[in-house]
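Asks: Take a look at this one; I'll ask things after.
Derivation of every value follows stated rules applied to the coordinates shown; laboratory data play no part. These figures come from a predicted structure and were not determined experimentally. So basically every Cβ, Gly included, is an ideal-geometry build from the backbone, and we count neighbours across all protein chains shown.
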Amino acid sequence: MTQARVPGPLVVLAAAGLLLFLLPLAGLVARAPWGEVGSAVTAPETATALGLSIYCSLLATAAALVMGIPLAVVLARTRGTLRAIVRALTTLPMVLPPVVGGVALLLAFGRRGLIGAPLNEAFGIQILFTTGAAVIAETFVAMPFLVIAVEGGLRSLDHRYEEAARALGAGSWKVFLRVTLPLLRPAIFSGAVLCWARALGEFGATITFAGNLPGTTQTMPLAVYVALETRPEGAIVLSLILLAVSLAILIGLRDRWLGAP
């Protein structure tokens, strides 16, 4: 089959769009103080921020898996206006400014928040400015990516396997565990990695709700922000680290959502 040719004007516009992505990355690489990369990577504050980022993002991904998969099942297998409302609420963090999300979390889980105040008064539990607050913020902004991926996988699933299992006498819970989940493994994996990548790069909601406390809530994006004001070279190095992680994720998952070329 002859491959269709792309019209010349579209090629020009595509090249302009590609430059919009490439130029900032080229500027980052060109201005990087490569001689300081080794010392910056091994610096204690970098290791602390990177370790905290990985720890919080993995916990956020785990929480998203526990809550997001059931939510995706409900969205994929229900009908009506309520489903549309739930889907809108679920995907809202994807379009909501992160700082606004942080303010909303503050009003929900802060000392005077809807949930934070009763927890503080009854049990002395304070969520604000803790590592748990960073995990909650990352889960809030990252879980929609998992939900959308899993819901899409459910909609494209061949339901004949589930029907065959039910015909053989399996209950709904057993069908879900033994048939549906294994079939959803690629979608769950892709969604989880995207969720983790988004959590790893979260900034706005985290700094607003969890604060910027070194060793407690200062993740890598927050460390980049602080370094940009005091040590621009260090901020570039930290940005390169996050860039390398993001590229590794995208390259590793390319075939899973685009298919092999």
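Asks: For the chain, what is the relative contact order in percent, using Cα pairs closer than 8 Å and at least 6 residues apart in sequence?
Replies: Contact order relative to length: 28 percent.
Asks: Can you tell me the dipole magnitude for the chain around its Cα centre, using point charges on the Cβ only (Lys, Arg +1; Asp, Glu -1), in Debye to the nearest 20?
Replies: 940 debye
Asks: Averaged over every viewing direction, what's the projected area of the C-alpha convex hull for the stretch 156-222? Give it in nm², one decimal, please.
Replies: About 6.5 nm², averaged over all directions.
Asks: Between THR91, THR217, THR81, which gets the highest mean-square fluctuation from a Gaussian network model of the chain, Cα cutoff 10 Å?
Replies: THR81
Asks: Separate question: For LYS174 and VAL95, compute 0.36 nm times the residue count separating them, minus their Cα-Cα distance, and round to one decimal in nm.
Replies: Gain on stretching LYS174 to VAL95: 24.8 nm.
Asks: Still on this structure: Excluding PRO98 itself, what net charge comes from residues whose Cβ is under 13 Å from its Cβ, given Lys and Arg +1 and Asp and Glu -1?
Replies: With Lys, Arg at +1 and Asp, Glu at -1, the neighbours total -1.
Asks: What is the sum of charges around VAL175, taking Lys and Arg as +1, Asp and Glu as -1, for the other residues whose C-beta is under 15 Å from the C-beta of VAL175?
Replies: Counting the neighbours of VAL175, the net charge comes to +2.
Asks: Which value in nm describes the separation of the simple spin-label points at ARG160 and ALA43, placed 7 Å from the Cα toward the beta carbon?
Replies: 6.0 nm
Asks: Given 10 Å bins starting at zero, what is the percent of C-alpha pairs of the stretch 138-261 in each, up to the one with the largest pair distance?
Replies: 12, 30, 26, 18, 10, 4, 1
Asks: Given [x] 160; [y] 200; [z] 122, which label gives volume of the Cα convex hull per residue in Å³ as computed from the coordinates?
Replies: Correct label, based on the coordinates given: [y].
Asks: Then there is this: Once whole DSSP H runs in the chain are found, which of them have Cα atoms spread over 30 Å or more along the helix axis and a mean Kyte-Doolittle score of at least -0.5?
Replies: 8-30, 44-76, 131-155, 232-258
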